[in-house]
Amino acid sequence: MAVLPDPAGVDVGRADARGYAADWARAVRRLGFVPHSAAETERLLLAHTVRLAEAVLAERFSTRPAEEVGRALVEAHLTEPRALEWLLRALAVDFPRRVLAAEARPADLTDRIAAVQGGLAAGFARALRDRTFTQQERIARSAWQARDEVEQALRDSEARFRAVFTGAAIGIGIAGVDGRIIDVNQAFADMLGYSIEELRKTNVAGMFHADDAAGMWELYQELVEGKQDLVRVEKRYHRKDGTVVWTDLAVSLIRHDDGRPRFTVAMIEDITERYELQQRLRFQALHDPLTGLPNRTLFFETLGRVLDTAGPGRRVGVCFLDLDGFKAINDSLGHDLGDRLLVVIGRRLAECVADHGHLVARMGGDEFVILVDGGDDIDGAVSVAEAALAAVAAPVHVGDQQLAVSASVGIVEFPAGETTASALMKAADTTLYWAKAAGRGRWAVYDPERSARDIARSALVAELPAALDRGEFVLHYQPIVSLLEGNMLAVEALVRWEHPELGLIGPDRFIGLAEETGLIVRLGEWVLRRACRDAERWRRQFPDARLVVSVNLAGRQADDPAIVETVADALRTSGLPADLLQLELTESAVMGSADEPLRSLHRLAALGVRLAVDDFGTGYSNLAYLRRLPIHCLKLAGPFVEGIGADGSDLAADHRDERIVDALVRLAHALELWVTAEAVETAIQAERLRALRCDTGQGRFFGAPAPAERITDRLRAAVDPGSTLTPAGPPDGVGRRGTEVA
């Protein structure tokens with residue numbers, strides 16, 4: 001590559017020389033290949049621009065600098081003809097105007113520019129010619145040298161090949177396209193137990209193993225016909241003594257100069273020991289070392305092959321089996337006896353389906369799986385499962401122990417073309433869980449609708465923590481109304497989930513999940529703090545209303561040692577007076593309270609917080625114990641209220657429920673407790689509850705759960721009867737017959 005000159009500091013009378021050189025560089029890069037960077041090209045062409053300008057302005061004009069610039073362009077590999085054409089045209093049009101100052105231009109400028117163009121072109125052409133002559137001479141010398149080297153290389157190659165052919169440790173054989181063996185080395189002859197002369201009289205087809213002959217001859221035919229240039233396979237051959245040798249065989253096709261097949265060269269290596277080792281390792285890798293059954297790897301290979309090759313209408317089923325209580329056997333009798341039990345169970349399972357050809361595999365631990373291939377419907381898979389359960393249930397004698405074992409089976413059966421191996425086994429695992437949950441010694445069949453529900457449930461479980469962090473939960477409030485006066489005394493805070501995809505989700509779909517995962521403690525604390533803030537806002541806006549907010553307290557929250565501090569902090573940070581907060585606990589949670597939870601209830605009551613027993617009457621209550629608890633209110637369970645005047649179809653049941661409610665109200669009042677009836681749906685129910693001296697009611701008759709803004713509107717309407725806002729609950733005189741709010 002030519003050395004790039006440095007034009008720094010050169011003044012040709014016009015600063016636009018750099019702009020002209022930049023345009024020249026862009027034209028060169030646009031019109032052809034340039035072996036320099038953009039900056040290097042521009043710097044090179046700026047130097048040439050300066051030199052051409054100096055040549056035009058020189059007192060003693062000469063075209064020699066222009067010729068040298070033309071040669072320099074060739075040396076810099078800027079030889080694109082279109083770039084030269086651009087330069088010659090630019091020299092006549094743009095060069096004088098942009099590069100040469102007006103006061104410095106000579107009188108014969110036009111003649112000088114033309115001479116510079118000619119000199120530039122002449123230098124460019126001569127340089128191209130000289131380079132071409134030099135290259136031709138170099139090529140000629142290289143050709144002669146290459147011919148000599150090729151001849152020597154051929155001689156060396158022949159000697160090397162003969163040395164390799166004779167002394168190689170692997171067998172090498174040469175055969176014609178007709179399969180006749182031309183030559184072999186000693187290693188080839190020794191491997192097959194023949195002499196070299198015997199093999200030279202043999203056709204390669206006669207050496208193929210009988211089980212491989214057809215396939216091998218087809219491969220050889222493709223090779224000699226030129227369809228392939230190389231074939232590599234692992235194949236068996238017969239030795240002269242009749243034994244079998246496994247080989248790694250590579251056969252290459254050697255062609256004539258015109259491309260026609262000439263002969264083949266085979267290189268063959270004895271891999272018998274390696275092959276046998278591979279077979280042993282493969283068996284160990286694909287079979288369970290304890291039971292000898294296929295393992296999960298082989299099972300999935302087989303299942304995948306069945307699904308991939310299945311024709312239309314073919315069905316495939318899986319029976320996924322797990323022993324019941326196997327861990328207890330291991331823990332009580334020892335792992336050695338447990339392993340012996342698994343061997344017996346594996347053998348029984350294999351025997352019970354042996355006549356049908358079904359694959360039995362051990363998936364790990366005490367799990368086994370049976371592949372039911374080609375059944376007509378689910379009944380076939382069920383029959384296999386029942387046979388497997390019967391085989392497992394028979395008494396097992398292990399050493400001096402007799403064991404009674406049972407198993408659970410999940411059954412899945414699909415059209416082969418509509419499933420995958422992973423989907424099939426996922427469904428089988430789910431179904432096995434259903435069978436386990438239903439009890440021991442039974443089978444269950446996959447139900448896609450139930451599975452969809454389980455998947456949706458699992459998705460909600462996974463989303464719960466993030467939903468709480470993202471603030472997707474909201475509170476709705478349901479009014480609790482005085483049955484005597486009809487005014488709203490309290491509201492119950494009910495949490496809802498504003499799911500970004502599923503919309504508003506009720507607590508019945510996620511509260512149980514939150515309790516299972518332990519998130520109920522965080523969620524309950526959020527509900528408590530939010531309800532306290534809303535209640536304090538209502539207290540400030542409507543101080544005369546004295547509206548109590550009732551918040552449900554889950555069993556895990558009540559058991560939390562920090563519950564008292566949490567409630568106290570929620571009251572302190574919100575500013576809500578303690579007597580305007582009511583905490584609702586289920587009957588089972590209250591009655592089961594002991595030690596620390598019981599002390600927590602007394603400490604909560606000491607804060608001034610009201611405590612209520614929710615769903616009272618649905619569990620077993622120790623009334624004497626209830627009397628000692630710091631409880632303020634009982635909320636009657638909905639089923640009792642629903643039975644009062646629901647539809648009038650069963651008067652006996654109606655009166656019985658009414659008597660029960662009457663007894664519960666009397667009991668509560670005897671214990672100096674407030675009574676709230678839940679699930680009040682009709683005016684008739686409200687009237688009867690009022691007649692039974694029930695204190696307050698809650699239900700859709702008084703208003704469905706609604707956002708906090710609706711409660712604010714209702715409070716405002718109660719304060720200002722002339723407001724255009726309509727109260728959500730019944731008007732005064734709630735007990736009058738015929739008055740019902742939807």
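The values are calculated or read from the model by the stated rules, or taken from the named source; none is laboratory data. Everything numeric in this text was worked out from a predicted model, so none of it was measured. No Cβ is skipped: glycine too gets one built from the backbone with ideal geometry, and neighbour counts run over all protein chains shown. What goes into the accessible areas is simple: the full protein's heavy atoms, side chains included, and nothing from ligands, DNA or RNA. Shrake-Rupley method; radii C 1.70, N 1.55, O 1.52, S 1.80 Å.
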Q: Kindly check whether there is at least one residue in the range 434-456 that is in a strand (DSSP E or B), open to solvent by 20 Å² or more (accessible area, probe 1.4 Å) and not small (Gly, Ala, Ser).
A: yes
Q: Given the conditions (1) surrounded by fewer than 20 Cβ atoms within 10 Å (Cβ to Cβ); (2) touching an Asp or Glu at 6+ places or on another chain (Cβ under 7 Å); (3) in contact (Cβ under 8 Å) with a residue 40 or more places away in the chain, report the number of the one that Gly575 does not fulfil.
A: (3)
Q: Give the range 404-419 a look and list any residue that's part of a loop (DSSP other than H, G, I, E, B) and either farther than 18 Å from Ala381 by Cα or among the charged types (D, E, K, R) (or both), or say none.
A: Ala404, Val405, Ser406
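The rows are residues; the columns are (1) within 19 Å of Thr291 (Cβ to Cβ); (2) of a type in the set (Phe, Trp, Tyr); (3) touching a helix residue (DSSP H, G or I) at 6+ places or on another chain (Cβ under 9 Å).
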| residue | (1), (2), (3) |
| --- | --- |
| Ala361 | yes, no, yes |
| Asp366 | yes, no, yes |
| Asp377 | no, no, no |
| Glu386 | no, no, no |
| Ala394 | yes, no, yes |
| Thr431 | no, no, yes |
| Trp434 | no, yes, yes |
Q. Going by the structure shown, is Thr243 of a type in the set (S, T, N, Q) and touching a residue at least 40 places away in the same chain (Cβ under 8 Å)?
A. no
Q. Within the range 39-78, which residues are closer than 17 Å to Ala27 by Cα, open to solvent by less than 70 Å² (accessible area, probe 1.4 Å) and not in a helix (DSSP H, G or I)?
A. Ala76, Leu78
Q. Is there a residue in the range 578-596 that is at pLDDT 95 or above, small (Gly, Ala, Ser) and open to solvent by 10 Å² or more (accessible area, probe 1.4 Å)?
A. yes
Q. Looking only at the range 79-96, which residues are in contact with a helix residue (DSSP H, G or I) (Cβ under 9 Å, 6 or more places away or on another chain), open to solvent by 50 Å² or more (accessible area, probe 1.4 Å) and either under 17 Å from Asp16 (Cα atoms) or part of a loop (DSSP other than H, G, I, E, B) (or both)?
A. Glu80, Ala92
Q) From Asp190, Asp183, Asp130, which residue is outside any helix (DSSP H, G or I) and not aromatic (Phe, Trp, Tyr)? A) Asp183
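Inspect the range 153-164 for any residue being within 30 Å of Glu276 (Cα to Cα) and out of contact with any Phe, Trp or Tyr (no Cβ under 8 Å at 6 or more places or on another chain) and give the result as yes or no.
Yes, some residue in the range 153-164 is within 30 Å of Glu276 (Cα to Cα) and out of contact with any Phe, Trp or Tyr (no Cβ under 8 Å at 6 or more places or on another chain).
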Q) Is it the case that Ala354 is without any contact (Cβ under 8 Å) to a residue 12 or more places away in the chain, over 20 Å from Gln284 (Cα atoms) and more than 33 Å from the chain's Cα centre (by Cα)? A) yes
(Q) Condition (residue is open to solvent by 50 Å² or more (accessible area, probe 1.4 Å) and either part of a helix (DSSP H, G or I) or within 30 Å of Gly364 (Cβ to Cβ) (or both)) applied to the range 253-273: is it met by at least one residue? (A) yes
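Among Ala285, Ala250, Ala328, which is touching a residue at least 12 places away in the same chain (Cβ under 8 Å), in a helix (DSSP H, G or I) and not hydroxyl-bearing (Ser, Thr, Tyr)? Lay out the reasoning, then the answer.
Values: Ala250 fails: in a helix (DSSP H, G or I); Ala328 fails: touching a residue at least 12 places away in the same chain (Cβ under 8 Å).
Answer to the selection: Ala285.
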Q) For the range 494-522, which residues satisfy the criterion of being assigned to a helix (DSSP H, G or I) and either touching a residue at least 24 places away in the same chain (Cβ under 8 Å) or not charged (D, E, K, R) (or both)? A) Pro507, Arg509, Ile511, Gly512, Leu513, Ala514, Glu515, Glu516, Thr517, Ile520, Val521, Arg522
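Here is a yes/no grid of residues against (1) without any contact (Cβ under 8 Å) to a residue 40 or more places away in the chain; (2) in a helix (DSSP H, G or I); (3) under 30 Å from Ala718 (Cα atoms):
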{"residue": "Glu525", "(1), (2), (3)": "no, yes, no"}
{"residue": "Ala531", "(1), (2), (3)": "no, yes, yes"}
{"residue": "Asp534", "(1), (2), (3)": "no, yes, yes"}
{"residue": "Ser550", "(1), (2), (3)": "no, no, yes"}
{"residue": "Arg556", "(1), (2), (3)": "no, yes, no"}
{"residue": "Glu565", "(1), (2), (3)": "yes, yes, no"}
{"residue": "Ala568", "(1), (2), (3)": "yes, yes, no"}
{"residue": "Asp579", "(1), (2), (3)": "yes, yes, yes"}
{"residue": "Arg599", "(1), (2), (3)": "yes, yes, no"}
Q. Residues in the range 281-301 that are over 16 Å from Glu234 (Cβ atoms) and open to solvent by 50 Å² or more (accessible area, probe 1.4 Å): how many?
A. 9
Q. Out of (1) over 25 Å from Thr676 (Cα atoms); (2) open to solvent by 50 Å² or more (accessible area, probe 1.4 Å), the odd one out for Arg537 is which?
A. (1)
Q.
Restricting to the range 197-217, name every residue that is assigned to a helix (DSSP H, G or I) and either at pLDDT below 75 or open to solvent by less than 40 Å² (accessible area, probe 1.4 Å) (or both).
A. Leu199, Val204, Ala205, Gly206, Met207, Ala213, Ala214, Gly215, Met216, Trp217
Q: Collect the residues in the range 384-398 that are assigned to a loop (DSSP other than H, G, I, E, B) and either open to solvent by less than 60 Å² (accessible area, probe 1.4 Å) or in contact with a Lys or Arg (Cβ under 6 Å, 6 or more places away or on another chain) (or both), keeping them in residue-number order.
A: Ala394
Q | Failed condition for Met488, given (1) out of contact with any helix residue (DSSP H, G or I) (no Cβ under 9 Å at 6 or more places or on another chain); (2) over 27 Å from Asp560 (Cα atoms) | A | (1)
Q. Within the set of pairs 6 or more residues apart or between chains, which connect a residue that is under 16 Å from Gly123 (Cβ atoms) and in contact (Cβ under 8 Å) with a residue 60 or more places away in the chain inside the range 42-65 to a residue that is in a helix (DSSP H, G or I) and open to solvent by 80 Å² or more (accessible area, probe 1.4 Å) with Cβ atoms less than 9 Å apart?
A. Ala55/Arg64
Q: For the range 97-117, state whether one or more residues are in contact with a helix residue (DSSP H, G or I) (Cβ under 7 Å, 6 or more places away or on another chain), open to solvent by 40 Å² or more (accessible area, probe 1.4 Å) and outside any helix (DSSP H, G or I).
A: yes
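Results for (1) in a helix (DSSP H, G or I); (2) under 22 Å from Arg610 (Cα atoms); (3) at pLDDT 95 or above, shown as yes or no for each residue.
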site	(1), (2), (3)
Glu658	yes, no, no
Leu667	yes, yes, no
Glu672	no, yes, no
Glu687	yes, no, no
Glu709	yes, no, yes
Ala718	yes, no, no
Ser723	no, no, no
Val734	no, no, no
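Just checking, how many residues over the range 221-242 are more than 44 Å from the chain's Cα centre (by Cα) and open to solvent by 60 Å² or more (accessible area, probe 1.4 Å)?
Filtering the range 221-242 down to residues more than 44 Å from the chain's Cα centre (by Cα) leaves 221-226, 236-242.
From what's left, open to solvent by 60 Å² or more (accessible area, probe 1.4 Å): 222, 225, 238-241.
Looking only at that region, the number is 6.
Out of everything in the range 302-324 that is farther than 21 Å from Ala387 by Cβ and in a loop (DSSP other than H, G, I, E, B), what residue ends up being most open to solvent (accessible area, probe 1.4 Å)? Give the derivation first.
Taking the range 302-324 first, the residues farther than 21 Å from Ala387 by Cβ are 304-305, 307-314.
In the following step, the residues that additionally are in a loop (DSSP other than H, G, I, E, B) were identified as 310-314.
Working: Ala310: 30, Gly311: 34, Pro312: 141, Gly313: 77, Arg314: 75 Å².
Looking at the filtered set, the residue picked out is Pro312.
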